Structure formats: C-alpha cells, structure tokens
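The values are calculated or read from the model by the stated rules, or taken from the named source; none is laboratory data. As the structure is a prediction and not an experimental result, all values here were calculated from the model. Don't worry about glycine lacking a Cβ; one is built from the backbone with ideal geometry, like all the others, and counts go over all protein chains shown. Side chains are part of the model used for accessible areas, which takes the heavy atoms of the whole protein and leaves out ligands, DNA and RNA. Shrake-Rupley method; radii C 1.70, N 1.55, O 1.52, S 1.80 Å.
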Amino acid sequence: MTEQRTYGDRVGVVTVTYFPGETLEKFLDTLDKATDHEVRVVVADNASTDGAPEKAAERENVTLVSIGENVGYGTAANRGVAALDDSYGWVVVVNPDLEWEPGSLDALLEVAERWPRGAAFGPLIHDLDGTVYPSARLLPSFGRGIGHAVFSKVWPGNPWTREYRQENAAPAERTSGWLSGSCQLFRREAFDSVGGFDTRYFMYFEDVDLGDRLAKAGWQNVYAPSSSVMHIGGHSTARASAKMLRAHHASAYRYLADRHQGLLWKPVLAAVKLGLALRVKLETRKG
C-alpha cells in the first residue's frame, strides 16, 4: 500500500523556459510584487542557449533545472515540480512570458482557501492591449472540438468556438472544464495524485488533458478573475511556428483518440486525423 504523502503550505513557482530572452527577468521582477510569501522559483529549462535561465539562477530564490534537451512543456513542468520538496504544498506552473499584477499570486491563494476541492486555480489573463483572454473553457467534446478546429480561422464567431471558449461568460469566480496552462496555481496533493501532466503531450492540450483528469478524480478547476496577470505570449513558440502547429494538431488528435476508443470510433478518428493533417499543410503553406 502506497503511503499517503503530506505537504506543507509553502509556495513554489515552476516556469518552463525555451529561449525566454528578457521576458524571464520581467517575470521575476513582477513576481516579487505579486505575493508577500517567500517563494521558491524553479526554472525548468529545455536546452536554451541564450543565457537567460543562468542569469535568473543568480537570484537567491531561483533554482535552475537544466534538462539538456527540449522535452516539451508538460514533461519539463513535471520535473520542475519534482525539484520541490514536500514542504511546498502549493505550486504555480506558469509561462515565463507573463507579467504579474501586484498581489495577484496572493489573490489566487485567497481563492484557493474558499475551494477545498479545488485542484487548479487560474487567474484572469489579459493581453498587452487589455483584451481578456478566454482562459477558462469547456472541455472539447467531439462536436465542439471539430467545429472549433474547422471553422475558427474562417468563421471566428461560429457557435462551436463561442461555446468552447466561453467568451460570453462573465469573468466571475466559477468552476471550469479546464484552465489555460499559461498560469495555474495547483494544490500539490491534487497535482501529484493524477501524476501531473501527461508526458505524451509535447506541447498543447496538456492543460486540457490535466483539467479533465483532475475533474474525473473528483477535483475542481476554478477560474479566479480576482487575480489578474498579463501574458505577452508567443515568445518561444515563434521560433518554430510550423513545428508548433504540427504539435498542436498531434496533441488535439491524441486528446480525442484517448477519449474515444473502440472499433466504432476508428473511422471517425481516421477522418479527424486526415482533416488535421490537411489543415497543417494549408496553414504551413499559407505561412
């Protein structure tokens, strides 16, 4: 019988880096004003050579985990979390191209106190121009997922995309199907109970998959707009946009295939796989 692990109440922050550039310094500077807690930061680096992770590690509260190769987001995040001892019962997994609003991490922790079965807590995320990003969404069912994938580029206002992204929902504290992986506060007990991120996902859908598995295990994903952060976005993925597009579509297929198994689903999944491959070709050619 596996011994039940217990966790303390310290707060750790894990950020996955891949050529983060100057954004990492801004991330760390704004984090200082986001909480009154003493925070340990783990930089899980996927083989960057720009020197930014090493510079960050010169700070007293930053630990660098050099992975030595690009293992993807979820795998690197898991390794970063594993670098924290059991005194850290709260762990933020977050992109480095994000800036914290003053008090925003403490606001997330305050929300967590109100949700004893809350596993993941996501802040309101806005872009540079103030536009609110729809970061708390429904899970992508087959119909919703295909409708969004097929029509989102050519018909942005289609009903499947609107429903999936929950764009018309007021920014109120509520449960959600899943939360954007760009910034989440995790209850360590919940995160570890489901094994963290599924390492089969190199990039994209690892947050969707985790939100689904947490919910199935009896936990809750909670949107917490009383906390606000700004996401610059696209800094590292811009280096390999075609590769990232292929990774996105491969992850989308994996997510659907994992949840629709059996002979009856095989022809449907084959059609989805073909359609996603065609979309990759068209988008890559367009780019």
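Okay, here's what the table says:
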{"item": "Hits in segment 66-78 - residues which are among the small types (Gly, Ala, Ser) and open to solvent by less than 20 Å² (accessible area, probe 1.4 Å)", "result": "Gly72, Gly74, Ala76, Ala77"}
{"item": "Some residue of segment 46-53 being exposed (fewer than 15 other Cβ atoms within 10 Å of the Cβ) and assigned to a helix (DSSP H, G or I)", "result": "no"}
{"item": "Cβ pairs under 9 Å, 6+ apart, first in segment 124-136 and of a type in the set (Phe, Trp, Tyr), second outside any strand (DSSP E or B) and at pLDDT 90 or above", "result": "Tyr133/Asp127; Tyr133/Ser180; Tyr133/Ser182"}
{"item": "Residue ID - least open to solvent (accessible area, probe 1.4 Å), chosen from residues in segment 19-45 that are under 22 Å from Ala82 (Cβ atoms) and among the charged types (D, E, K, R)", "result": "Asp45"}
{"item": "Residue that is farthest from Ser226 (Cα to Cα) [pool: residues in segment 1-30 that are among the polar types (S, T, N, Q) and free of Cβ contacts under 8 Å to residues at least 40 places away in the same chain]", "result": "Thr2"}
{"item": "Criterion: touching a His at 6+ places or on another chain (Cβ under 6 Å) and at pLDDT 95 or above - qualifying residue of Asp106, Asp97, Asp86", "result": "Asp97"}
{"item": "Any hit, segment 2-15, residues being farther than 18 Å from Gly196 by Cβ, open to solvent by less than 40 Å² (accessible area, probe 1.4 Å), modelled with pLDDT of 95 or more and not in a loop (DSSP other than H, G, I, E, B)", "result": "no"}
{"item": "Test: residue in segment 203-222 that is touching a strand residue (DSSP E or B) at 6+ places or on another chain (Cβ under 6 Å), surrounded by fewer than 20 Cβ atoms within 10 Å (Cβ to Cβ) and not aliphatic (A, V, I, L, M)", "result": "yes"}
{"item": "Subset of segment 178-193 [closer than 17 Å to Pro116 by Cα and not hydroxyl-bearing (Ser, Thr, Tyr)]", "result": "Gln184, Leu185, Phe186, Arg187, Arg188, Glu189, Ala190, Phe191, Asp192"}
{"item": "Of all residues making up segment 31-70, the number that are without any contact (Cβ under 8 Å) to a residue 40 or more places away in the chain and out of contact with any Pro (no Cβ under 6 Å at 6 or more places or on another chain)", "result": "26"}
{"item": "Strands (runs of 3 or more DSSP E) within segment 163-232 that include 2 or more residues of a type in the set (Phe, Trp, Tyr) and modelled with pLDDT of 95 or more", "result": "none"}
